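The next block holds one structure in the form of structure tokens; read it before the comments.
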Amino acid sequence: MDLLSAALPTPIQQLSNALTERAGIHLYIKRDDLIHPTVSGNKWRKLKYSLLEAKARKETHILTFGGAFSNHLYATAAAGKLLGFNTIGIVRGEETIQNPSPTLQFCKAQGMELRFVSRQDYKRRNEKDYVSQLASEFGNPFVIPEGGTSALALQGVAEMIDEVAIQLCQMPGYFAVAAGTGGTAAGMLSAGAKVLVFPALKGGAFLEEDIKNLLANDFSKDNLQLFTDYHFGGYAKWNNELLDFMDHFHIDFDIQLEQVYTAKMFYGLFDLIQKNYFQKGETIVAVHTGGLQGLLRS
Ligand SMILES: *Cc1c(COP(=O)(O)O)cnc(C)c1O
């Protein structure tokens, strides 16, 4: 099935500068930001099998969850429009009803119906009772959890690892990825990758438990390394140091990052390289998970 005519496999490019040369490592970037113009990066990977499942079940409506700046809501709204699903977005917080973010404006323009709920209610987004109550209000649509993160998401993400192994003719020593819900990291682990995970939110240590649950404990703990110190104040927070880093990255490599996820991951990864975390000759693949429509929003 021609799902969303994505540009697969996405390119892989080597990144080399004074830092990687001094450390003697081979660093690559997997350009999942180029996968699709509106269903970008890891959101495309995570949505693929949920959308196929919804199609197979002849569902007409999809309901999902996200914040006012959610790349997942954005991607789901775009995919719904492209594939002919009606979409419903349950939005965290009622304060943006009057003044919707550019992300939510885009979602609306794609035809997504938005329901704003209090932060209190939103906390219940993974509770069965709450979800089935919402679902019955909207005629029992196909429900995709926050971030697109579900068992179906793992399979789509795992395909990215397979692509890389073919492109490099080997399984790299490490992958690096930014994390919100940890669904992408879990999918990578499910494919047997060794993954360095950089949470974009504060106190990201809880992700280990979430990732374990997503994988039903079926992974080797040695394959997961969490680096919780590169959140820059928390989710959707940043400072000038991070923005400078992002600018320099753009100048050095001609690749645009964004400040919510990918710049934090690369900042952290470069810091590890600087601190000689890696052995000479090591191969590392950092995933550009996309999200560029959120570039420098505030
Ligand atoms: C959503 C997102 C992430 C986080 O993905 P999870 O699977 O929720 O951990 C990382 N990078 C970008 C650009 C994203 O949009």
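Tabulated results
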{"quantity": "Only listed residue being out of contact with any strand residue (DSSP E or B) (no Cβ under 8 Å at 6 or more places or on another chain), touching a residue at least 40 places away in the same chain (Cβ under 8 Å) and not small (Gly, Ala, Ser), chosen from Pro145, Pro102", "calculated": "Pro102"}
{"quantity": "First in region 17-31 and touching a residue at least 12 places away in the same chain (Cβ under 8 Å) and assigned by TED's automatic domain parsing to the domain that holds Met171, second anywhere and open to solvent by 30 Å² or more (accessible area, probe 1.4 Å) and among the charged types (D, E, K, R), Cβ under 6 Å, 6 or more apart", "calculated": "Asn17/Asp252; Gly24/Lys280; Ile25/Glu282"}
{"quantity": "Residues (more than 16 Å from the ligand (Cβ to nearest atom) and open to solvent by less than 100 Å² (accessible area, probe 1.4 Å)) located in region 270-288", "calculated": "Phe270, Asp271, Leu272, Ile273, Tyr277, Phe278, Gly281, Glu282, Thr283, Ile284"}
{"quantity": "Strands (runs of 3 or more DSSP E) contained entirely in region 62-181, each with at least 1 residues that are crowded, with 24+ Cβ neighbours inside 10 Å and touching a Leu at 6+ places or on another chain (Cβ under 9 Å)", "calculated": "86-92, 142-144, 174-179"}
{"quantity": "Residue that is nearest to the ligand (Cβ to nearest atom) [pool: residues in region 253-268 that are open to solvent by 10 Å² or more (accessible area, probe 1.4 Å) and more than 12 Å from the chain's Cα centre (by Cα)]", "calculated": "Gln256"}
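This table checks each residue for (1) over 16 Å from Leu154 (Cα atoms); (2) aliphatic (A, V, I, L, M); (3) open to solvent by 40 Å² or more (accessible area, probe 1.4 Å); (4) at pLDDT below 95.
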| position | (1), (2), (3), (4) |
| --- | --- |
| Ala191 | no, yes, no, no |
| Ile211 | no, yes, no, no |
| Thr228 | yes, no, yes, no |
| Tyr235 | yes, no, yes, yes |
| Asn239 | yes, no, yes, no |
| His250 | yes, no, yes, no |
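The values are calculated or read from the model by the stated rules, or taken from the named source; none is laboratory data. If you're wondering where the values come from, they're calculated on a predicted model, not measured in any experiment. Cβ: placed from backbone, ideal geometry, glycine included. Neighbour counts: every protein chain shown. The area values use the complete protein model at the heavy-atom level, side chains included, leaving out ligands, DNA and RNA. Shrake-Rupley method; radii C 1.70, N 1.55, O 1.52, S 1.80 Å.
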